[in-house]
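Please read the structure below before turning to the comments.
The values are calculated or read from the model by the stated rules, or taken from the named source; none is laboratory data. Keep in mind that this is a model prediction, so the values were computed, not measured. Cβ placement follows ideal geometry from the backbone for every residue including glycine, while neighbour counts extend to all protein chains displayed.
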Amino acid sequence: MARPGIIRNPFSHRNKAGGSGLPADAARLFGGHVASPDTPEKLVQSLRGFAQAGVDIIAVDGGDGTVREVLTALPYAYSDASPALAILAAGKTNLIAADVGTTGYGPRGLAGLVRAAHEGTLGTRTTQRPILSLHWPDGEHGPVRGMFMGAGAFTRGTDLANAAIHKAGFTQEIAVVLTMAGVLGRALIGNDSHGWLAGEDFGATVDDDPALDGNRFLFLATTLDKLIMGLWPFWDHGPRPLRYLDVAANPPGLLGALPRLMTGRPSASMRQAGAYRSGGAERIELRLTRPLIMDGETYPAGRVILSATDSITFIQP
């Protein structure tokens, strides 16, 4: 029989907007297996308590950032025997929930979990995904585990979205799309005042391929199977766990290439140009001069190793 627990982020976008009675409801329905840790250290302590109590399904009440924090903390609490996760999509970014499924957020999402637990069906519908792991060999930061990362224009777009478009009420995934679309629009009509198209100086080594150095415009990597709004800027990845997109600085024909780029349908001329590279990998090494974004959070530049040797099971009640 499944033994569920809940990790709740009270600061998540939707949790702050309502559902104040949810912690009491969760505690009543799930016994003592409910925690709202507010630091990474407290999260590890909570998860260790869950592990000792035999909790094998953890409901994550938050967004992508909360899932990232839970994935990062799990090895310190569960070692190699990771529990399954269920997502209550309560954040500004819910890319993971959009891919692996959710019952919703707040009381409605909790009700779906409780109903499935009582009916004995919790954990019978599952989806498995590789975990995207980032490692800084030079010690710039501790290991981080998540599902989606970006660098170059993606970092700049996220920074602008956080500063401006969120104030208009857009969630982060839509905000980043709108921000990048606006900046690219200005750049492509000849007013690239921020110098985005010139890119940033960083290198990328995919598996055993020769390193590509020099300025890069955009780099993305994910272990998800789909994104939002029909976007999927990846191709030729096959079954390999890391899907990546690498766009060189000043990519030729970008205006005409954008629709194909964002839906993973490169033209023959895009492939021949060599500026648009996508595929699958087991390991990627980046050498960054500016920060990257992992599931909505900024992390330092430097030498960063991407891998996907572990996987996690998600359940949909």
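Structure values in brief
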read-out	value
Enumeration of residues in the stretch 259-280 that are crowded, with 20+ Cβ neighbours inside 10 Å and closer than 15 Å to R243 by Cα	L261, Y276, R277, S278
Residue match in the stretch 166-180 (condition: farther than 17 Å from A301 by Cβ, acidic (D, E), out of contact with any Phe, Trp or Tyr (no Cβ under 9 Å at 6 or more places or on another chain) and modelled with pLDDT under 70)	yes
Those residues of the stretch 271-287 which are within 19 Å of the chain's Cα centre (by Cα) and aliphatic (A, V, I, L, M), in sequence order	A281, I284, L286
Entirely in the stretch 191-305, the strands (runs of 3 or more DSSP E) that have 2 or more residues that are without any contact (Cβ under 8 Å) to a residue 12 or more places away in the chain and either among the basic types (K, R) or closer than 21 Å to F148 by Cβ (or both)	none
Conditions (1) of a type outside the set (V, I, T); (2) touching a Phe, Trp or Tyr at 6+ places or on another chain (Cβ under 6 Å); (3) modelled with pLDDT of 95 or more; number of the one not met by M270	(3)
From A73, A89, A117, residue being more than 20 Å from M294 (Cβ to Cβ), small (G, A, S) and either surrounded by fewer than 21 Cβ atoms within 10 Å (Cβ to Cβ) or not assigned by TED's automatic domain parsing to the domain that holds D225 (or both)	A117
Tabulated pairs, the stretch 97-109, first closer than 15 Å to L227 by Cβ, second of a type in the set (D, E, K, R), C-beta under 6 angstrom, 6+ apart or interchain	D99/D225; D99/K226
Tally of residues being assigned to a helix (DSSP H, G or I) and basic (K, R) across the stretch 107-135	2
